[in-house]
Structure formats: structure tokens, C-alpha cells
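The values are calculated or read from the model by the stated rules, or taken from the named source; none is laboratory data. Everything numeric here is computed off the predicted structure, so don't read it as measured data. In this analysis, Cβ positions are derived from the backbone assuming ideal geometry, glycine residues included, and neighbour counts consider all displayed protein chains. Note: accessible area is taken over every heavy atom of the protein model, side chains too, but ligands, DNA and RNA are not part of it. Shrake-Rupley method; radii C 1.70, N 1.55, O 1.52, S 1.80 Å.
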Amino acid sequence: MTMISRGLPSRLGCVLLLALGLIAGALLLPRAAVAQGAAPDISTPLAQLTTDKYDDTEAALGALALSGSPAAAGIVAALADGRLMYSPATRQVLIKTPQGGLVDAATGQPVAEAPPGAKAVRVNNRIRRAIEAASGTLALVNPDPAKRLEAASAVMRARDEAALPALDAALAKEADAKVKSALTLARASILIGKAGVPDADRIAAIATVGEQGNQDALAVLRSVPADASPAVKAAAQDAIAGIERSLAIWSVGQNIWYGVSLGSVLLLAAIGLAITFGVMGVINMAHGEMVMLGAYVTFVVQELIRTYNPALFDLSLLIAIPVAFLFTGLIGVLIERTVIRFLYGRALETLLATWGISLILQQAIRTAFGPTNREVGAPGWMSGAFELGQLSITYGRLWIIVFAMFVFVALLATLRLTRIGLEMRAVTQNRRMAASMGIRTNWVDAMTFGLGSGIAGIAGVALSQIDNVSPNLGQSYIIDSFLVVVFGGVGNLWGTLVGAMSLGIANKMLEPYAGAVLGKIALLVIVILFIQKRPRGLFALKGRAIES
């Protein structure tokens, strides 16, 4: 009895506590559920979208972006796509789905049919900018850091003051350093043009934007209000001057990159001509058509892959390289054995014969494929670009440079380390002495012409990615190829490399000042004057026959 009486108060207390907990839960749970399930009220911005006034539409977009409503992103996207409608009579806002159905923007419920007189919400350039800003604001809280970074850039470009609260909220909880820097930059861009900002804050924002150092930052700094204080204007002018100096330096770097890219193209087009001209002394006017044939081989390979095995498309260029080399190499051997071998020592006849061959090849391609350009696709690994500082580098050009260097090294190794390379060098330096030592000079000539034509073919594979594949493709590079060979030194691979890069960079450095046509003319004059001083080019070959 005593034990029961002692345990009674404790048990009674537990029961009372349990009862109180159940009562509190019953009272608080509905409120929590209501609070958790309650969606932000967007009735006001939806009503503004039905007034058919641009000012109201712009205000509605700003309110939707800051509302936190799950429906806001869909409404903004529908307006951007021209799928947002409203009824003037009922003030109902509707979203037209991509499938053609209708959904109530407020509730998300399907609508059987559009109300009578339903109209699309009008959009102009100002609304499009507001849509971009609203989309950026909505994306500031995206779980994907890349999306948040993109959103911060969009807000910076739009510079919408209504995005400031969302930016502040996003900055408060952002953990990614890169995204946080972009958000800070977007906030500074808005503060520069916002009325009522203290000079100290505006100058600090100018410094933040000035550190970006690109065209976007320059546009922001030039938007400083006319009524800003002299200190703010002076800070903006200093930042603008600094960015312009930096951009001028980066512009030179960009032109050098373009020049290296052009030089790699010239190297690919000229390197086969260099060994053909150097060993055989033949002015091959059909060399450009070998480049063109390589490009058409790439087109044929891609068409076959598209037809029979599309999964191999990303490997199409790698498959086309050996096919183009073998095909154009065989064509080159055929031309040498049937035409060129009878014309050695007769430069004018050789030039005219190869020019006639080039016309025959062009007409043959026109007959087989038609005169129009043919589309050669880019594999996934050659698509896109990336930024290096203020340099824009495309993967296609980058891979062409790598490929040109690979071809150069492979050809250099062939000439240095193989028997055919040794015999080619011997024939280049002294044909009669090489023949007296038992070298079959006729066979070397055929192999040299085939090798030069094969290299031109794989140059066509690369050029198919940056130029139109047409019967006239080779004509665009034949003159530049001869310039490279003569400038660098006939038959010298290192001279061809230096000549191609020098002419490529010089061409791109002259273009901004003289234009494309005058730049090429000036470059041609410079090369002619240089050849007057050094007739054998930068790197002249040495040998008894050559020097005699």
C-alpha cells in the first residue's frame, strides 16, 4: 500500500504531462500545417499582368521574382515564350502549355478552354529586360552553383534595383566563393546606378566592378548617373581608363591567338607543298585541290557514319584522317606517274599542267557533289569555347593547332628517322649524287609527291571544321601556301613552321588597322621586299647542288 501511494504522484504527473502534450499538439499542429502549406500570395502581381500596361507588367515581374512562390518561375518563363494570357473580363491569368493546353497561373489547375476575349500579355524590349532580370533573380536560389553563377551574371547585365533584396538574401547564405564573388559584383553594379546611395558605397561599388576588367564592367561604369558627385565621376573615369588599358593589352593577346590559329592552318596547307617543292622543284598548282579532296573525304565519311552508325559520329574526324591521307596520297602518286614525271626541268609546262589538273579536279567534284557548300559537322569534343582571362578560345581552333603541331613533328620524324626520309633529303640536296649512290630518284619523287598530297588531304580534314567545304576550298589557300614556303625557305620544315606562324600573326595584327584586304596586300609587299634581300628565305637549305 505504501509503495502504491508513493508511485501514484509520479504516475499521475506523467499522465498529466502526456495530456498537456496532446492538447498542445492538437492546438499547434493545425497552425503549423497551415503555415507550412501556405503559399506566398501572388494575387497582386497577377492582377497587374491583366491591366495591359507595360509599367504594371514590369512591376508584376519584379514582385513575382521576390515573392518566393513556386509558380513564379513558370509564369515568367511563359511570358518569355509568349505563352502567358489573360482574360480582360474575369482578370484570370492563364499559361498556355507547350502541348497546347491551358493552366490557371494562380492555382496551377487545368482550364478546359480559354475565356472569351482572352489575350496574350504584351511584351516589348523593356519587358524583355525585366523578364531577364526576373529570371536571374529567381535563379539566385537554384541548388546548382552553375545556375546561380549564370543568374548573378544576368542580374548584373540587367541592373534591376528590384533584385537587390534577393541579392542580399542570396549573399547571406551563399557558400561558394565564385558564386559569392559574382553576386557581390551584381550588387555593386546595381548600387552604381541606384539613386540615394552614399558616395562612399558607390565608390566602393565602382572599385568592385572595376576589378572585373571586361566589357560588361565597362558598360556598368559608363552608366554612372549624370547627377553623381565629382568624386564618384572621377572614380568611375579612373576605373574606365584602367579597364580600357587592360582590354587593349588583352586585345593584342587575342590577335596573337588568332594569328597562331591562322598560322596553324597555313602550316597544314603549306607543309606538304614545302617538301614537294623542295625535293622535286615542282610548282604544284593542284596542291589546293588535294586540300579540297581531303575535306570532301571528311564529308563522305561523316555521311556514311550518319547513315550506318551514328554512334560513331564523334570519331568521324579521327576515321577521316587516315582515309583522306591514303586517298589524296594515291591521287598524288597517280598525277606524278602520269603527268609530272614527263615535265621535270620544265617549270612553265609543269605549272600549266598542274593548273589544268586543278581545274579537272574542281569540275569532277562539282559533277559528283554539286557546286554548293557541303555541311561537315563538328564532333562534341571540338564544339564550344572557354575563357582564359579576357581571351576567348574555341576548342575547334585549339585542336587544329594541336593537330598541326602533331603533323609537323610526325613529318619531321619521318624525314629524320626513316629510310625514305633520308633519301628525300639526299635528293633535295644533290639529285645527281643521290642517283649515283643507288637511290631511285624517280621512286623518291613519286613517294614525295604522294606524301605531300596526303598531308594536304589531312589538312583538308582540319579545314573542313573552319571553312566552307566547296570545290573552291583549295583556291583560298594556294597563294598563301606558296608565300609561306618561299618566305620560310624552300624545302625546310622549320622554315615553313616559322613562316606560317609569322605570316599568320602579322596578318591578324595588321587587320584591325588596315582591314583584311589592305592587310594582305601590305603583307605581300613585305614578303616581296624580304625575298629581294634573302632570295632563299629565312632558312636556306645547304648542299653542293643547291649552292652551286
Legend entry - Dipole of segment 408-502, positive direction: furthest Cα of 422, 489, 450, with charges on the beta-carbon: 422
Legend entry - Using distinct alpha-carbon pairs, which all enter the 1/r mean, Kirkwood radius of segment 155-259 in Å: 14.5 Å
Inset, instruction - Just name one of 99, 304, 115: the one whose Cα is farthest towards the positive end of the charge dipole of the chain (beta-carbon charges, Lys/Arg +1, Asp/Glu -1). - result: 304
Legend entry - Most positive-pole-ward Cα, 66, 198, 277, against dipole of the chain from beta carbon charges: 277
Inset, instruction - Scan around residue 111 for amide H atoms under 5 Å from its own, H built in the peptide plane at 1.01 Å from N, and keep only partners 5 or more places away or cross-chain. - result: 102, 103, 104
Inset, instruction - Would you kindly compute the Cα radius of gyration of segment 96-198 and its largest Cα-Cα separation (Dmax), both in Å? - result: 17.2, 54
Legend entry - Distance between segment 505-538 and segment 309-375 - C-alpha centres, whole angstrom: 29 Å
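Rounded to a whole number, what % of the accessible area of the chain do carbon and sulfur atoms account for, probe 1.4 Å? Display every interim value, and only then the final one.
Working: 18080 of 28420 Å².
The computed percentage sits at 64.
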Inset, instruction - Taking all pairs of distinct Cα atoms, average 1/r, flip it, and tell me the Kirkwood hydrodynamic radius of segment 393-548 in Å to one decimal place. - result: 17.5 Å
Legend entry - Check: segment 417-503 dipole with +1 on Lys, Arg Cβ and -1 on Asp, Glu Cβ, in debye: 420 debye
Inset, instruction - Would you mind putting 514-527, 228-241 in packing order, based on average other-beta-carbon counts within 10 Å, highest first? - result: 228-241, 514-527
Legend entry - Simple Cβ-charge dipole of the chain, Lys/Arg +1 and Asp/Glu -1, about Cα centre, in debye nearest 20: 1360 debye
Legend entry - Assigned charges on the beta-carbon of Lys, Arg, Asp, Glu; segment 261-352 dipole about Cα centre (debye): 180 debye
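Using alpha carbons only, what's the Rg to Rh ratio of the chain with Rh from Kirkwood? Display every interim value, and only then the final one.
On the way: Rg = 35.8 Å, Rh = 29.7 Å.
Rounded to two decimals, Rg/Rh equals 1.20.
Can you list which of the DSSP-assigned H helices in the chain have a Cα extent of 27 Å or more along the long axis and an average Kyte-Doolittle score of at least 0.5? List each step's numbers first, then the result.
On the way: long enough: 2-37 (52 Å, 1.28); 230-280 (73 Å, 1.11); 287-308 (32 Å, 0.65); 316-338 (32 Å, 1.83); 347-369 (33 Å, 1.01); 395-417 (32 Å, 1.91); 441-463 (32 Å, 1.08); 493-514 (31 Å, 0.71).
Within the chain the helices that satisfy the rule are 2-37, 230-280, 287-308, 316-338, 347-369, 395-417, 441-463, 493-514.
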Inset, instruction - Identify the residues of segment 474-505 with backbone N under 16 Å of a label point that sits 7 angstrom from the Cα of residue 256 along the Cα-to-Cβ direction, or state none. - result: 501-505
Inset, instruction - Give the Cα extents of segment 457-508 along the principal axes, in whole Å, largest first. - result: 30, 24, 16
Legend entry - Cα pair distances exceeding 25 angstrom across segment 310-414, given as percent: 48 percent
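Using a Förster distance of 30 Å, how high is the FRET efficiency between residue 330 and residue 472, based on the Cβ-Cβ distance and rounded to 0.05?
Values: r = 23 Å, r/R0 = 0.77.
For R0 = 30 Å, the calculated efficiency reads 0.85.
Given the rule -39500 (n - 2.57) for each run of at least 4 DSSP H residues, summed and divided by the residues of the chain, what is its mean residue ellipticity at 222 nm, to the nearest 500 deg cm²/dmol? It would help to have the intermediate numbers written out before the result.
Details: 22 runs with 380 residues, N = 548.
Only helices count here, giving -23500 deg cm²/dmol.
What does the accessible area per residue of the chain come to in Å², with a 1.4 Å probe and no ligands, DNA or RNA counted? Intermediate results must be reported in sequence, preceding the final value.
Details: 28420 Å² over 548 residues.
Per residue, the chain has an accessible area of 52 Å².
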